[in-house]
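Please read the structure below before turning to the comments.
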2 protein chains.
Amino acid sequence: MDKVRVIQVKQSVFADNNAEADRIRKQLKAQKTFLVNLMSSPGAGKTTTLKRTIGDLKDELRIGVMEADIDSTVDAEAITAAGARAIQIHTGGMCHLDAGMTEQGLKELGAGDFDLVVLENVGNLVCPAEFDTGASRNVAILSVPEGHDKPLKYPLMFEVCHALIINKIDVLPWFDFDMDKVVEYAHMRNPDLAIFPVSAKTGEGFQAWEDWLRRQTSAWNEQ
Amino acid sequence: MDKVRVIQVKQSVFADNNAEADRIRKQLKAQKTFLVNLMSSPGAGKTTTLKRTIGDLKDELRIGVMEADIDSTVDAEAITAAGARAIQIHTGGMCHLDAGMTEQGLKELGAGDFDLVVLENVGNLVCPAEFDTGASRNVAILSVPEGHDKPLKYPLMFEVCHALIINKIDVLPWFDFDMDKVVEYAHMRNPDLAIFPVSAKTGEGFQAWEDWLRRQTSAWNEQ
């Protein structure tokens, strides 16, 4: 396995994160790169979902990945093994990425070479939701073991996302998780949220998620 | 059910959070109140663990609970139903509690009336670890579905805790979770960490956790 490139990003110096994020989005649009900001709690399955998605789409899309983590390179190594170009972003203790930090990662990855870049944000259902990274779309993963009440308790994450993946449906029989309720609560926060129940372990439900991702990528890159 | 009291806390004005936390600890010691700061990812089972612990210990200890949440009162309602006095702390979007915010909660709860007070922190494996709340002991919960690599990826949480509860062991057969590895990784971060594999759903493993909590509470309150 290739050695993973690790960069240490510094907190942004920009006073206006939203303006900086808009600038990044314009640049990505111009160079035809669709950037997904993937967020979730620790252990909801961001890396596993990403590995399967890369495996399914790597022959039709050029995919790059930025793995943000406080420490360690385990995720970038897993993504590299799955067949995508990946870099590891170390946040030095920071609990989220802002637009300036994302831009440092995009530069290091060489984002212009890719149709689709995925930023795997720090595992955290709170802080990452507060910072626009410049992504074309925000996607959250909620996993079945976390419980169906999460949209009630972490409202902002569900408000800022365009799509919600509900992962680990293979273990539904062993948890008190009400799929109808989570859909109802998530749509209370954001009526336009696209919701995809999946199992990253078995592949169940991935076709709908990947069709959405494919359509969004095309729409962004072709307009 | 009694209506839950909700307080909205404001970020602390104290320049030195650690000094403020030490001041709170001294005061708790003087009034014989043991304060546990309970932290985990969203959905790891803080409230369920707490409900069972309260049920088992409420006849021998006077227990009070502060439920911190960005929004909603679902947890405080559940705790009140379990038979402990509880207040709900709303952080107004903040991803953690600091010492000053904890003090506002202790005052509202009337901490002096209790042998044991549990602060259920915001569900977040990153930020709460950075702020000393003034607690006598820090306890983290990691749940089986989150995976055994979490001590590698979120080091600070495991460094600052005195005890680690590994919850949801009833679903071990359905997850690739290596108990030996998680113990090894957690002890790499903190060799003195007391580790308790439990199922808050079935009660398995609770005796060891509750014995630890009982001993720690006695030691703090009787010295």
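The values are calculated or read from the model by the stated rules, or taken from the named source; none is laboratory data. Keep in mind it's a predicted model, so treat the numbers as computed, not measured. Neighbour counts run over all protein chains shown; Cβ positions are idealised from the backbone, glycine included.
Where in region A:1-78 are there strands (runs of 3 or more DSSP E), lying fully within it, with 2 or more residues that are in contact (Cβ under 8 Å) with a residue 24 or more places away in the chain, of a type in the set (D, E, K, R) and under 24 Å from B:Gly43 (Cα atoms)?
A:63-69
Quick check on my filter: what residues within region B:157-182 are within 7 Å of chain A (Cβ to nearest Cβ) and within 17 Å of the chain's Cα centre (by Cα)?
Within region B:157-182, B:Lys168 is the sole residue that qualifies.
Taking A:Phe177 as meeting all but one of (1) crowded, with 16+ Cβ neighbours inside 10 Å; (2) outside any loop (DSSP other than H, G, I, E, B), write down the number of the exception.
(2)
Would you pick out the residues in region B:120-157 that are of a type outside the set (Val, Ile, Thr), part of a loop (DSSP other than H, G, I, E, B), farther than 15 Å from B:Met66 by Cα and touching a Pro at 6+ places or on another chain (Cβ under 9 Å)?
Once the filter is applied, which keeps residues that are of a type outside the set (Val, Ile, Thr), part of a loop (DSSP other than H, G, I, E, B), farther than 15 Å from B:Met66 by Cα and touching a Pro at 6+ places or on another chain (Cβ under 9 Å), region B:120-157 yields B:Asn124, B:Leu125, B:Gly147, B:Tyr154.
Could you grab me the full set of residues in region B:145-170 that are of a type in the set (Gly, Ala, Ser) and buried (at least 24 other Cβ atoms within 10 Å of the Cβ)?
As a first pass, look at region B:145-170 and keep what is of a type in the set (Gly, Ala, Ser): B:147, B:163.
None; the set is empty.
Name the residue that is farthest from A:Leu156 (Cα to Cα), counting only residues in region B:111-125 that are hydrophobic (A, V, I, L, M, F, W, C) and either without any contact (Cβ under 8 Å) to a residue 12 or more places away in the chain or more than 7 Å from chain A (Cβ to nearest Cβ) (or both).
B:Phe114
Evaluate the following for B:Gly100: is it buried (at least 23 other Cβ atoms within 10 Å of the Cβ) and within 18 Å of the chain's Cα centre (by Cα)?
Against the criterion (buried (at least 23 other Cβ atoms within 10 Å of the Cβ) and within 18 Å of the chain's Cα centre (by Cα)), B:Gly100 does not qualify.
Considering only region B:1-25, how many residues are closer than 13 Å to B:Asp132 by Cβ and modelled with pLDDT of 80 or more?
Total meeting the criteria: 10.
Go through region B:173-222 residue by residue and tally those that are of a type in the set (Val, Ile, Thr), more than 14 Å from B:Leu142 (Cα to Cα) and touching a strand residue (DSSP E or B) at 6+ places or on another chain (Cβ under 9 Å).
1
If you check every pair at least six apart or on different chains, which have Cβ atoms under 6 Å apart with a residue in region A:126-144 that is more than 11 Å from chain B (Cβ to nearest Cβ) and closer than 11 Å to A:His96 by Cβ first and a residue that is β-branched (Val, Ile, Thr) and assigned to a helix (DSSP H, G or I) second?
A:Thr133/A:Thr102
I'd like the residue in region B:183-192 that is under 22 Å from the mean Cα position of the chain (by Cα) and free of Cβ contacts under 8 Å to residues at least 12 places away in the same chain and, out of all such residues, is nearest to the other protein chains (Cβ to nearest Cβ).
B:His187
Looking only at region A:9-46, filter to residues that are among the polar types (S, T, N, Q) and crowded, with 22+ Cβ neighbours inside 10 Å; which one of those is nearest to B:Val122 (Cα to Cα)?
Among those residues, the one meeting the criterion is A:Ser41.
Select from region A:79-96 the residues that are in a helix (DSSP H, G or I) and buried (at least 21 other Cβ atoms within 10 Å of the Cβ) and list them in ascending order.
Residues satisfying the conditions are A:Ile79, A:Thr80.
Condition check ((1) touching a His at 6+ places or on another chain (Cβ under 7 Å); (2) crowded, with 24+ Cβ neighbours inside 10 Å; (3) at pLDDT below 95) across all residues:
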site	(1), (2), (3)
B:Gly110	no, no, no
B:Val117	no, yes, no
B:Asn124	yes, yes, yes
B:Ser143	no, yes, no
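Does region A:97-116 hold any residues that are of a type in the set (Gly, Ala, Ser) and in a helix (DSSP H, G or I), and which are they? Step through it out loud before you land on a result.
Going residue by residue through region A:97-116, those that are of a type in the set (Gly, Ala, Ser) are A:99-100, A:105, A:110-112.
Result: A:Ala99, A:Gly100, A:Gly105, A:Ala111, A:Gly112.
Any idea which residue in region B:71-97 is nearest to the other protein chains (Cβ to nearest Cβ), counting only those that are over 16 Å from the mean Cα position of the chain (by Cα) and hydrophobic (A, V, I, L, M, F, W, C)?
Taking the candidates together, the pick is B:Val74.
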